Amino acid sequence: MARIRQKSERVPKHMQPTFDAITTLTGWVCQEHLDEEYAQLARQAAAALCRKRPSPLCNGRTNSWACGIIYALGFVNFLFDSSREPYISAGDLCLAFGVSISTGSARSRDVRQALKMSQFDANWCLPSRIPENSLIWMLEVDGIIVDIRWMSRQIQEIAFEKGMIPYIPADREGEEAR
């Protein structure tokens with residue numbers, strides 16, 4: 001099972017100007033068209049790319065990388081599905097960053113490869129979508145795939161301690177009931 005990684009916005013000093021430029025653009029587009037969850041994930045993705053050695057962000061235009069980051073996060077979270085909120089078309093997203101669809105798509109591919117992103121990826125899922133993302137909660141217990149949300153609290157705690165789930169579902173159920 002894949003471990004859920006802790007995300008950070010820390011970047012090396014020499015990458016700070018690049019990080020600031022990219023996150024200014026992603027922040028503006030998220031404020032205008034998306035939401036704060038996308039903005040936060042975009043900052044974390046930009047920071048992760050800044051920490052790569054060598055950082056892919058050193059080559060290419062800032063706006064194309066900013067678009068690629070949001071496009072990649074949109075791929076993971078079904079941003080381009082008009083039945084979901086928030087929604088924006090791939091063309092409109094690229095237009096907001098001033099890049100072509102082919103450039104936005106290519107940078108998205110670069111970001112997804114560098115950060116090993118995939119659809120339903122627990123590490124890059126919007127926090128509000130974690131409860132509905134069934135793949136996050138499917139774990140192998142004694143050779144059987146189970147939905148950990150239906151298992152005992154003790155098993156949930158073990159899975160959480162091993163970094164296999166983002167939180168203990170029993171804790172969140174109690175919060176929602178209050």
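Derivation of every value follows stated rules applied to the coordinates shown; laboratory data play no part. Since the structure is predicted, the reported quantities are computational estimates derived from the model, not experimental observations. Glycine gets a Cβ as well: all are built from the backbone with ideal geometry, and neighbour counts include every protein chain shown.
For this structure, a couple of remarks:
- Selection status of A42, within 30 Å of E140 (Cβ to Cβ), part of a helix (DSSP H, G or I) and among the hydrophobic types (A, V, I, L, M, F, W, C): no
- So S83, is it free of Cβ contacts under 8 Å to residues at least 24 places away in the same chain and not acidic (D, E): yes
- Among the residues of region 91-127, those that are assigned to a helix (DSSP H, G or I), among the hydrophobic types (A, V, I, L, M, F, W, C) and in contact with a helix residue (DSSP H, G or I) (Cβ under 7 Å, 6 or more places away or on another chain) comprise L93, C94, A96, F97, I101, V111, A114, A122, W124.
- Checked against the criterion of being aromatic (F, W, Y), surrounded by 18 or more Cβ atoms within 10 Å (Cβ to Cβ) and touching a residue at least 40 places away in the same chain (Cβ under 8 Å), region 121-132 has at least one qualifying residue.
- R10 passes every criterion in (1) of a type outside the set (D, E); (2) assigned to a loop (DSSP other than H, G, I, E, B); (3) within 13 Å of C94 (Cα to Cα) apart from (3).
- Single residue of region 98-119 satisfying the filter (buried (at least 17 other Cβ atoms within 10 Å of the Cβ) and of a type in the set (K, R)) that is nearest to G74 (Cα to Cα): R112
- Odd one out for L95, checked against (1) surrounded by 15 or more Cβ atoms within 10 Å (Cβ to Cβ); (2) touching a residue at least 24 places away in the same chain (Cβ under 8 Å): (2)
- For I88, the stated conditions hold: it is of a type in the set (A, V, I, L, M, F, W, C), surrounded by 13 or more Cβ atoms within 10 Å (Cβ to Cβ) and part of a loop (DSSP other than H, G, I, E, B).
- Qualifying positions in region 61-113 - farther than 22 Å from A48 by Cα and among the basic types (K, R): R84
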